[in-house]
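S.K.: Below is a structure I'd like to ask you about.
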Amino acid sequence: MSVGERVAEHLPYLRRFARAVTCSQESGDAYVVSTLEAILADPAVFPTDLPPRVALYRTFLHVVGSITPAFDADTPSSHPGLDAIKRNLKTLAPKARQAFLLVSVEEFSPQDAALILDIDPAELQQLLDAAGREIARQIATDVVIIEDEPLIALDLERLVSDLGHRVVKIVRTEGQAIEAVERLRPGLVLADIHLADGSSGLDAVNKILRTVSVPVIFVTAYPQLLLTGVRPEPTFLITKPFHPENVKAVISQALFLDIRGMPVQPHSALA
């Protein structure tokens, strides 16, 4: 089996990781492309003695470490919200951010995360502790949950509340979602794609984002339908069935980076 065949199924998730690391869809995808080009140019950079996903992420971070960052955290930007991202990133070291993402969002075991970062387990734990302390300092916010399955909605409400945030509304349809967000102006939206009356959570979010600037986390059983690589895509996405720590991690990451939602175009299967 070729290296390409071994890593193909992991690329959508690497792209998600790359975007969170770099705070940019454009920069994240560029680093992923650079990683693939490096592997093609010299297959020896891809460690074949590791599981393919571990080897891919390890190679990616080696590539990222060898390239000058795409932005200067002290230089003002014309992009609305990017300055806030930069300010937040300055409080969390890159290695701590990477460790946090690998374990909490990408769901690698601590052992595999240490291999990816090329550090020992004790150093990994120190990085995770540092990330947790910084993220815990973030200001609590109001949250609207767009979810038509009551048990899932209650689980999400509990997890959001455990982090110190306040769920101000749980809605089940597109119309309810638009009305709730426009009226309550929450600091975060969690959105399912398929809603109770056959309406679309994706459509609801796209309409909301025309008038309200807010971070959005999509919760879906079909991440491949949103991570297509050819259209604007969500920065934050939770896959069903979800793990509690994963949900908490993504919520903290979304608020920590203060990345505002952008309209997302669905895969044709969702259109």
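S.K.: With Ile193, Ile119, Ile178 as the choices, which residue is on the phi < 0 side of the Ramachandran plot, among the β-branched types (Val, Ile, Thr) and assigned by TED's automatic domain parsing to the domain that holds Pro47? First the steps, then the outcome.
M.R.: On the way: Ile193 fails: assigned by TED's automatic domain parsing to the domain that holds Pro47; Ile178 fails: assigned by TED's automatic domain parsing to the domain that holds Pro47.
Criteria check complete, one pass: Ile119.
S.K.: Does region 34-47 contain at least one residue that is among the charged types (D, E, K, R) and within 21 Å of Gln253 (Cα to Cα)?
M.R.: Kept after step one, since they are among the charged types (D, E, K, R), are these residues of region 34-47: 37, 42.
Now narrow it down to the ones that are within 21 Å of Gln253 (Cα to Cα): none.
No; the residues of region 34-47 include none that is among the charged types (D, E, K, R) and within 21 Å of Gln253 (Cα to Cα).
S.K.: Still on this structure, please answer the following. Taking Glu123 as the residue in question, decide whether it is under 24 Å from Leu184 (Cα atoms) and at pLDDT 65 or above. Quick ask: steps written out before the conclusion?
M.R.: Values: under 24 Å from Leu184 (Cα atoms): no; at pLDDT 65 or above: yes.
The answer is no for Glu123.
S.K.: Please go through region 113-133 and give me each residue that is part of a helix (DSSP H, G or I), without any contact (Cβ under 8 Å) to a residue 12 or more places away in the chain and not small (Gly, Ala, Ser), ordered by number. Explain how you work it out, then say what you get.
M.R.: Quick first cut of region 113-133, residues part of a helix (DSSP H, G or I) only: 113-117, 121-133.
With the extra rule that they be without any contact (Cβ under 8 Å) to a residue 12 or more places away in the chain, the set shrinks to 114, 121-123, 126, 129, 133.
The answer is Pro121, Glu123, Gln126, Asp129, Arg133.
S.K.: Still on this structure, please answer the following. Please work out if Phe218 is assigned to a loop (DSSP other than H, G, I, E, B) and at pLDDT 75 or above. Write out each step before concluding.
M.R.: Values: assigned to a loop (DSSP other than H, G, I, E, B): no; at pLDDT 75 or above: yes.
No, not satisfied.
S.K.: Got a sec? Which of Pro47, Pro80, Pro69, Pro76 is part of a loop (DSSP other than H, G, I, E, B), at pLDDT 90 or above and either farther than 24 Å from Thr239 by Cβ or among the small types (Gly, Ala, Ser) (or both)? Write out each step before concluding.
M.R.: Working: Pro80 fails: at pLDDT 90 or above; Pro69 fails: at pLDDT 90 or above; Pro76 fails: at pLDDT 90 or above.
Within the list Pro47, Pro80, Pro69, Pro76, the selection yields Pro47.
S.K.: Which residue, of Arg166, Arg172, is farther than 30 Å from Leu61 by Cα, crowded, with 19+ Cβ neighbours inside 10 Å and not assigned by TED's automatic domain parsing to the domain that holds Cys23?
M.R.: Values: Arg166 fails: crowded, with 19+ Cβ neighbours inside 10 Å.
Unique residue meeting the criteria: Arg172.
S.K.: Inside region 140-209, counting only helices (runs of 4 or more DSSP H) that do not spill past its ends, which hold 1 or more residues that are among the aliphatic types (A, V, I, L, M) and touching a residue at least 60 places away in the same chain (Cβ under 8 Å)? Walk me through it before giving the result.
M.R.: Details: elements: 150-162, 174-184, 201-208.
In region 140-209, the matching helices (runs of 4 or more DSSP H) lie at 150-162, 201-208.
S.K.: Out of the residues in region 143-163 meeting the condition of being exposed (fewer than 15 other Cβ atoms within 10 Å of the Cβ) and not aliphatic (A, V, I, L, M), tell me which one is modelled with the lowest pLDDT. I'd like the intermediate steps shown before the answer.
M.R.: Going residue by residue through region 143-163, those that are exposed (fewer than 15 other Cβ atoms within 10 Å of the Cβ) are 150-151, 154, 158, 161-162.
Checking which are not aliphatic (A, V, I, L, M) leaves us with 150, 158, 161-162.
Working: Pro150: 94, Arg158: 93, Ser161: 89, Asp162: 84.
So, considering only residues that are exposed (fewer than 15 other Cβ atoms within 10 Å of the Cβ) and not aliphatic (A, V, I, L, M), the one modelled with the lowest pLDDT is Asp162.
S.K.: Then there is this: Would you please name the residue that is farthest from Val21 (Cα to Cα), looking only at residues in region 96-120 that are among the small types (Gly, Ala, Ser) and at pLDDT 95 or above? It would help to see each step written out before you state the result.
M.R.: Taking region 96-120 as the starting set, the residues that turn out to be among the small types (Gly, Ala, Ser) are 96, 99, 104, 109, 113-114.
If we keep only those that are at pLDDT 95 or above too, we end up with 113-114.
On the way: Ala113: 15, Ala114: 17 Å.
Looking at the filtered set, the residue picked out is Ala114.
The values are calculated or read from the model by the stated rules, or taken from the named source; none is laboratory data. Keep in mind it's a predicted model, so treat the numbers as computed, not measured. Quick reminder, even Gly has a Cβ in these numbers, built from the backbone with ideal geometry, and neighbours come from all protein chains shown.
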